[in-house]
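What follows is a short report on a single structure.
The values are calculated or read from the model by the stated rules, or taken from the named source; none is laboratory data. Nothing here was measured: the structure is a model prediction, and the numbers come from that model. Here Cβ is always computed from backbone atoms with ideal geometry, including for glycine, and neighbour counts include all displayed protein chains. Side chains are part of the model used for accessible areas, which takes the heavy atoms of the whole protein and leaves out ligands, DNA and RNA. Shrake-Rupley method; radii C 1.70, N 1.55, O 1.52, S 1.80 Å.
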Amino acid sequence: MESILILDDDAANLQGIADVLRSEHYSVIEASTGSQAIENGKSCGPISLFVTDMDLPRSSGTDIALKLVASNPNLPVLFISGTPMAWWTNRDLSNFKRFPANSVDFIEKPFSLTQLLIRVRNLIQRTLQPRTESGFQAA
């Protein structure tokens, strides 16, 4: 069973996303702060995906994701925000580009449950595919 770590400071969003993923038989770990997400990432065993809101008090979703990926380089990340990517800060845009293209995605609020589940499945499947030594996905 894949474990998904979700970070959102909005309790309703956190609960809603967690409930949807649990209904699809994912194991879900919830965090409402960046420090809680980092701690959960270290203590809760292997994580298959990190789903995070972009706009967090005292931090950014990209900053927290980079910290988690530093200790788990194969961790895929799904960013969620009500702010279109074109309006992101330069720092967040720069951070976003630091993730491998096959292991990062963005979904803008509002989104449908179907859109969320497709993005989650795709990110998990892409990162589970075997790679050649050059880093390209095997055919």
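General remarks:
- Filtered by the rule that a residue be more than 15 Å from N72 (Cβ to Cβ) and either of a type in the set (D, E, K, R) or open to solvent by 60 Å² or more (accessible area, probe 1.4 Å) (or both), the range 21-59 gives R22, S23, E24, H25, E30, S35, Q36, D53, D55, P57, R58.
- When the range 55-99 is limited to residues that are of a type in the set (A, V, I, L, M, F, W, C) and in a loop (DSSP other than H, G, I, E, B), the one that is farthest from the chain's Cα centre (by Cα) turns out to be W88.
- Taking the criterion of being outside any helix (DSSP H, G or I) and either loosely packed, with under 11 Cβ neighbours inside 10 Å or not hydrophobic (A, V, I, L, M, F, W, C) (or both), the residues of the range 100-134 that qualify are P100, D105, E108, K109, P110, S112, Q129, P130, R131, T132, E133, S134.
- Tabulated pairs, the range 53-80, first among the polar types (S, T, N, Q), second in a strand (DSSP E or B), C-beta under 8 angstrom, 6+ apart or interchain: T62/F79
- Set A65, A18, A11: member being at pLDDT 95 or above, out of contact with any helix residue (DSSP H, G or I) (no Cβ under 9 Å at 6 or more places or on another chain), closer than 24 Å to P84 by Cα and surrounded by 16 or more Cβ atoms within 10 Å (Cβ to Cβ): A18
- Residue tally, condition in a helix (DSSP H, G or I) and either aliphatic (A, V, I, L, M) or more than 15 Å from the chain's Cα centre (by Cα) (or both), over the range 11-34: 12
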